[in-house]
Amino acid sequence: KDQNGSIYYVTKNSWGTDRNNNDGYLNMSQAFMRLNTIAIMVHKDAIPKSLRKKLGL
């Protein structure tokens, strides 16, 4: 969260590491993510075991 209470996500930039000063990572606001995200991919180990079991992963 920032000083105004806005939530940000650290996201990996698929364009490479030379487009910003953060080694290829960006901070995206929750509002931006909700508006512009169609899908999010995470490694299965990042999903809690109970949910993985329900999803059959």
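Bear in mind these aren't lab numbers, they're just calculated from the coordinates by the rules spelled out. Because the structure is predicted, anything quoted here is derived from the model rather than measured. Backbone-built Cβ (ideal geometry, glycine too); neighbour counts: all protein chains shown.
Of note:
- Taking the criterion of being in a loop (DSSP other than H, G, I, E, B) and within 19 Å of residue 41 (Cβ to Cβ), the residues of segment 1-16 that qualify are 13, 14, 15, 16.
- Looking across segment 29-47 at every residue that is loosely packed, with under 10 Cβ neighbours inside 10 Å and β-branched (Val, Ile, Thr), the one that is farthest from residue 10 (Cα to Cα) is identified as 38.
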